[in-house]
Amino acid sequence: MPNVAVFDLVHAAGKLHAFTHGRGTFVLSNFDLNGDAAVTCADVNIVKAAMGKKIGDAGFSALADLNSDNVINVRDLAMITRQLP
């Protein structure tokens, strides 16, 4: 996220949305997808199970769409694996 003024913050569906003026909306995802208070291989498996799915497809998981581009792909997998201890 660039160094820019944030005019509104909204927490919805496990994600924090930061609304800016002129730079759009930025989303900070919660990487603990299964709610066990830790990012582990179980969270990675949630993303892996939905790989290749697009919004509207059977098996699509909004939780696994970490970059909010409506497709579960290697970018989402890379984001979650960087969070592993």
Carbon and sulfur atoms: what percent of the 1.4 Å accessible area of the chain do they account for? 58 percent
Put Asp76, Asp69, Asp36 in order of accessible area, largest first, 1.4 Å probe: what do you get? Asp36, Asp69, Asp76
Debye, to nearest 20: dipole size of the chain, +1 on Lys, Arg Cβ, -1 on Asp, Glu Cβ: 200 debye
What 222 nm value per residue comes from the helices of the chain, counting each DSSP H run with n ≥ 4 as -39,500 (n - 2.57) and dividing by all residues, nearest 500 deg cm²/dmol? -5500 deg cm²/dmol
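Taking 0.36 nm per intervening residue step and subtracting the Cα-Cα distance, what contour gain separates Gln83 from Asp36 on full extension?
15.5 nm is the gain from fully extending Gln83 to Asp36.
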In nm, what is the difference between 0.36 nm times the number of residues separating Asp69 and Leu9 and their Cα-Cα distance? 19.6 nm
Kirkwood Rh, angstrom, the chain [1 / mean 1/r, Cα pairs]: 13.6 Å
How much area per residue is accessible in segment 6-85 when the probe is 1.4 Å and only protein heavy atoms are counted (Å²)? 61 Å²
Computed FRET efficiency, Cβ-Cβ of Arg23 and Ser61, R0 22 Å: what is it to the nearest 0.05? 0.20
Explain nothing, just compute: Karplus ³J(HN,Hα) = 6.51 cos²θ - 1.76 cosθ + 1.60, θ = phi - 60°, for every residue of segment 39-54 in order, whole Hz, x for Gly and Pro. 8, 9, 4, 4, 5, 4, 5, 5, 5, 4, 5, 9, 3, x, 8, 10
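The values are calculated or read from the model by the stated rules, or taken from the named source; none is laboratory data. Predicted model, so just to flag it, every value in this text is computed and none were measured. Neighbour counts run over all protein chains shown; Cβ positions are idealised from the backbone, glycine included. For accessibility, only protein heavy atoms count, side chains too; no ligands or nucleic acids. Shrake-Rupley method; radii C 1.70, N 1.55, O 1.52, S 1.80 Å.
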